[in-house]
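What follows is one structure encoded as structure tokens, with my remarks underneath.
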Amino acid sequence: MWLKFEQRPEPSKTMSYLSPLLAVALMFLSGLILFLVLGKSPVEGFKVFFLNPIKDSYGIAELFLKATPLMLCAVGLSVGFKANVWNIGAEGQLLIGALVGGGLALHFDGSTSPFLLPGMIVAGALGGMAWAAIPAFLRTRFNANEILTSLMLVYIAELVVSWLVHGPWKDPDGFNFPQTKLLSAKATLPILLEGTRVNAALLLGIGALLVGWIFMNKSFLGYQMKVAGQAEHAGRYAGFSAKRSVWIGMLAGGAMAGIAGISEVSGPIGQITEHISPGYGFAAMIVAFVGRLSPIGIFFSSLLMALLYMGGEQAQQYLNLPSSISKVFQGMLLFFLLGSDVFINFRLRLVRRRK
Amino acid sequence: MGLNFISSILFATVVAGTPLIIVALGELVTEKAGVLNLGAEGTMSVGAVAAFAVAHHTGNPFLGILAGMGAGILMSLLFGISALTLMANQVASGLALSIFGVGLSAFIGKPYESVALASVEPIRIPLLHKIPLFGPALFEQQGLVYFSWVLIVLVAWFLYRTKAGLVLRAVGESPVSAHSIGYGVVKIRYQAVLFGGAMAGIGGAFMSVFYTPMWVEGMVAGRGWIALSLVVFATWRPARVMIGAYLFGGCMIAQMFVQGSGVRINIPAQALSAMPYAATVLVLVLISRNRSTIRLNSPASLGQTFLPDA
Amino acid sequence: MKTRNLALATLAGAVLCSTALTAAEPVKVGFVYVSPVGDAGWTYQHDLGRKQMEAALKGQVTTKFIENVPEGADAERIIRQLAQDGNQIIFTTSFGYMNPTEKVSKTFPKVTFFHATGYKSGANMGIYNARFYEGRYLNGVIAGKMSKTNVAGYVAAFPIPEVVMGINAFARGMKSVNPKAEVRVIWVNSWFDPGKEREAAMTLIAQGADMITHHTDSTAVVQAAEEKHKEKGTWAFSYHSDMAKYGPTAQLSGTTHVWGEFYIRTIKEVLDKKWKGTNVWGGMKEGMIQLAPMSKSVPADLQKQIVKLEGEIKTGKLHPFAGPVVDQEGKERVAKGKNMSDSDMNAMNYYVQGVASAFPKN
């Protein structure tokens, strides 16, 4: 007797909703075991890691602040992922978006125009799109694998940021330190809740989720993208070229990542430095998958992911654990999700071993 | 600029290219079986810390290599369970492995950050290592450098001269037909994935026990990803992996030599550092441009999940 | 039971701390570190300082540190949380924490903040840094005297003034005793990448440098020199920490950061309510910079000379950037008879004569 996976006649709807919950539950469970193994009280560990960060309104505001760039990047990436376009360079697109949008603010430094801030956000989106257009072009024109080119461009983007803040864009009154001027008040995103740092970028994030939902569920283009992702042949039958889904997928990812970048610069950071993103572009891939590539799911998974980051900080402060525990949890979460996803298309059957 | 100078460039290039060769060859075999495992960075990190820990406790660098290899196998087993047994998306599984591995290595490596490891004497081939120019680069190296060369030959021989290699390639080309003539696709893919993990683990071991030698969080510093792009760079040909790895290592070393020579050039350091990455993109484009070169070598089913009963 | 404990604690506190009678409970002091503490390097030295301070002010303070805090948007949350948790004094030890520290300091006026290496201060925010270049100069003198190839190699992270100052001071020290000396620099564009740091060191050694030092955060450069010592006679100068453990033969000396005394002094001032906004830039005189013990490979007469020069730096008789200071292009930056001002040093973006490499033009 042994267990065997048997394909379901059609994918289970129930399981596709249950599977992320199952993954989260499994992550919590292994978290408890991990705390036990490390000689910490699991209850205490759970409390510190998952509840402490959001014990007051400031903490909750921080959670949304941290979730915003993840949400933005993930919803953009999900468009491409649905069509099997593997943009793994959102981190680089985020950085270039931050540069272009931030550059605009620096160029018009001191401007009080009400168009400055919207202009910066558009510029950020365009910057991200431009950076994403490179792998899209190389893929559609030269057939170069976008996974690798978009990744290489992350390293190059980091170096471009480094060059600008060490060189031409360095704050002239900043004692040669590698950072630009602080952005003026007019170039800074308004705070939503007094006394916290949560700002208008959250609204952009939620807006992006809405647009993403409409695009994927209500537009014909979105439908074509989905079909193209499920089977390339079917996509071709539907009159949809693979090239188009590459372009749309990459540009959507780039635009959103670019907005995420400029939101960080004109939000909590307030200037361009070498430390704009602690890897949001990469973490957003987990967010996208855990959120089922759907906007509603991404909303919740970005909050969960933000909680994992903040929990790591807490674990270091109150449990004496290295903050890298966050990444362990993030990796586990994605593994468990991928594992439980098998039940969407398959069910387990007890079968007799063949002779 | 004498002979000595060129000789040291060659030497340093070979050293810098070695972990890339070992990891990329492992990934090449994995990909030839039709599996895309993006987890090399994480696997290398865990391999590096495991190797360092064991080498430190036993004082034996060879046991360190074995530990790195074992850790790499365990890591890739995780990937296998996810992508092969549970048939999850390979790209996502690989990413999960990378994130998890980098985090895990930092986590378990904490106590080893303050530990020094004696550097290991290179293996000198008598007489030959005295040859000017090439001697030190080719004949006065760590054991794993020689291993990387042997590995190239072995992988090439295995893939193109043995029946098992033929089957492995068949599985990568068309898992459905391989399955229908009775080959265990999942089993063969597992073996390929585990081999890839073992090599990534050894690559990590080279970094922490022989190259630096130390363990610190983040020390793999993107080399796992570079190894992945080398496989494409090499159009899935073992010998070309070596060329790519040395080109890449050479790029890094060359820009340092230019800086260190005291020759005054006014290029931002960032531009020099970006060179290897830009070169990889360029080569990818050059190779991929011609669809036939890609199609000839790229495994047709790469990255696609195989459903045994579909 | 509880009251008795409290009473005991109060009693113990009163006995232990004669100065801060009001503080029955120890004052909480928080530290924010940019990297893991590890075994050597920038953060390790700050942590040594923290431990030294904690031991010296036993009973008066308790300390807590958070390591590996990224210099982006997350820093503000972590600094804020330390303040909220009741830490009365908070040290943030990396340049990137400047703006977050300033922001948090305005929300918590009763907490005193100290930021290392920045330039913004406030009513409850002080600045501190050390004159690393003083140690560099003396290291350069040793290198100039002992080098056989007249070439020193310098592995550096980023061309910010603090790093450039160190390179220039080293070159001036070297040149002061060896007119033929030159310093070559390799930028690795990373504070921390042991693989690259090692490659850079090996490259410099291969190109004839027999004196090696670094302004990066790992021990890789000293280890590389140790490895090449037998074959090439390479010597090393450590930075941040004394790395003799990693280069038992090759390390001649080094420039070591010592924060403990500063932490003790400052915290006492704050506790006694005597602190009023300071910008401390301390050097050898204040004990914030020390030479790593010279190895026995440094000849006795040279050791004597160095000790003498060290004394002169402490009294102010010797200034590493005393005029004339001439840059690479031959332009005079400081006239004879003058010392370079602190603000000019902090804006240094050129190499002095004696540095062979080109200044990275950004």
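The values are calculated or read from the model by the stated rules, or taken from the named source; none is laboratory data. From a predicted model like this one, the values you see are computed outputs, not experimental measurements. Reconstructed Cβ throughout: ideal geometry from the backbone, glycine too, with neighbour counts over all protein chains shown.
Per-structure values
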item	result
So residue B:154, is it of a type in the set (A, V, I, L, M), surrounded by 15 or more Cβ atoms within 10 Å (Cβ to Cβ) and either within 22 Å of residue B:69 (Cβ to Cβ) or within 20 Å of the chain's Cα centre (by Cα) (or both)	no
Test: residue in segment A:154-171 that is more than 18 Å from residue A:275 (Cβ to Cβ) and either away from chain C (no Cβ under 14 Å) or small (Gly, Ala, Ser) (or both)	no
Any hit, segment C:226-240, residues being of a type in the set (A, V, I, L, M) and either within 8 Å of chain B (Cβ to nearest Cβ) or part of a helix (DSSP H, G or I) (or both)	no
Those residues of segment B:60-74 which are under 10 Å from residue B:206 (Cα atoms) and among the small types (Gly, Ala, Ser), in sequence order	B:64, B:68
Residue A:309 being at the interface with another protein chain (Cβ under 8 Å from one of its Cβ atoms) and either more than 30 Å from residue C:37 (Cα to Cα) or out of contact with any Gly (no Cβ under 7 Å at 6 or more places or on another chain) (or both)	yes
Within segment B:196-305, helices (runs of 4 or more DSSP H) holding 1 or more residues that are within 9 Å of chain C (Cβ to nearest Cβ)	B:223-233, B:238-260, B:269-289
Cβ-Cβ under 6 Å pairs, at least 6 apart or on other chains, segment A:330-355 side exposed (fewer than 11 other Cβ atoms within 10 Å of the Cβ), far side at pLDDT 80 or above	none
Test: residue in segment C:96-105 that is aliphatic (A, V, I, L, M) and either outside any helix (DSSP H, G or I) or within 14 Å of chain B (Cβ to nearest Cβ) (or both)	no
Meets criteria (out of contact with any strand residue (DSSP E or B) (no Cβ under 9 Å at 6 or more places or on another chain) and free of Cβ contacts under 8 Å to residues at least 60 places away in the same chain) for residue B:113	no
First in segment B:71-98 and at the interface with chain A (Cβ under 7 Å from one of its Cβ atoms), second anywhere and part of a loop (DSSP other than H, G, I, E, B) and of a type in the set (Phe, Trp, Tyr), Cβ under 7 Å, 6 or more apart	B:91/A:86
Check on residue B:73, within 30 Å of residue A:84 (Cα to Cα) and either at pLDDT 90 or above or touching a strand residue (DSSP E or B) at 6+ places or on another chain (Cβ under 9 Å) (or both)	yes
All positions within segment B:91-115 that are out of contact with any helix residue (DSSP H, G or I) (no Cβ under 6 Å at 6 or more places or on another chain) and farther than 28 Å from residue B:58 by Cβ	B:91, B:94
Members of segment A:112-164 that are among the β-branched types (Val, Ile, Thr), in contact with a Phe, Trp or Tyr (Cβ under 9 Å, 6 or more places away or on another chain) and closer than 16 Å to residue A:100 by Cα	A:154, A:156
Those residues of segment A:178-195 which are among the basic types (Lys, Arg) and within 12 Å of chain C (Cβ to nearest Cβ), in sequence order	A:181
Strands (runs of 3 or more DSSP E) within segment C:241-298 that include 2 or more residues over 12 Å from the mean Cα position of the chain (by Cα)	C:251-257, C:279-282
Meets criteria (free of Cβ contacts under 8 Å to residues at least 24 places away in the same chain, farther than 23 Å from residue B:239 by Cα and part of a helix (DSSP H, G or I)) for residue B:63	yes
Residue check for residue A:289: of a type in the set (Phe, Trp, Tyr), out of contact with any strand residue (DSSP E or B) (no Cβ under 9 Å at 6 or more places or on another chain), within 9 Å of chain B (Cβ to nearest Cβ) and in contact (Cβ under 8 Å) with a residue 24 or more places away in the chain	yes
Out of C:178, C:150, C:168, C:139, sole residue that is touching a strand residue (DSSP E or B) at 6+ places or on another chain (Cβ under 9 Å), at pLDDT 95 or above, more than 8 Å from every other protein chain (Cβ to nearest Cβ) and surrounded by fewer than 24 Cβ atoms within 10 Å (Cβ to Cβ)	C:150
Condition broken by residue A:163, with the remaining ones in (1) part of a helix (DSSP H, G or I); (2) within 30 Å of residue A:296 (Cβ to Cβ); (3) touching a Pro at 6+ places or on another chain (Cβ under 8 Å) satisfied	(2)
Pairs where the first residue, in segment A:211-225, is under 15 Å from residue A:241 (Cβ atoms) and the second is of a type outside the set (A, V, I, L, M) and not in a helix (DSSP H, G or I), C-beta under 6 Å, 6+ apart	A:224/A:240
Segment A:186-223: number of residues that are in a helix (DSSP H, G or I) and either out of contact with any Ser or Thr (no Cβ under 6 Å at 6 or more places or on another chain) or buried (at least 21 other Cβ atoms within 10 Å of the Cβ) (or both)	23
Any chance residue C:205 is surrounded by 20 or more Cβ atoms within 10 Å (Cβ to Cβ) and more than 28 Å from residue C:320 (Cα to Cα)	no
Among (1) surrounded by fewer than 20 Cβ atoms within 10 Å (Cβ to Cβ); (2) part of a helix (DSSP H, G or I) - the single one residue A:111 does not satisfy	(2)
Matching residues in segment C:200-215 - criterion: being within 11 Å of chain B (Cβ to nearest Cβ), part of a loop (DSSP other than H, G, I, E, B) and not small (Gly, Ala, Ser)	C:207
Residue count, segment C:330-362 (criterion: within 14 Å of chain A (Cβ to nearest Cβ), assigned to a loop (DSSP other than H, G, I, E, B) and small (Gly, Ala, Ser))	2
Number of the exception - residue A:144 against (1) more than 26 Å from residue B:234 (Cα to Cα); (2) more than 14 Å from chain C (Cβ to nearest Cβ); (3) aliphatic (A, V, I, L, M)	(1)
Pair list, Cβ under 9 Å, 6 or more apart: segment C:187-199 residue without any contact (Cβ under 8 Å) to a residue 40 or more places away in the chain and more than 7 Å from every other protein chain (Cβ to nearest Cβ), other residue among the acidic types (Asp, Glu) and not in a loop (DSSP other than H, G, I, E, B)	C:188/C:197; C:188/C:199; C:190/C:197
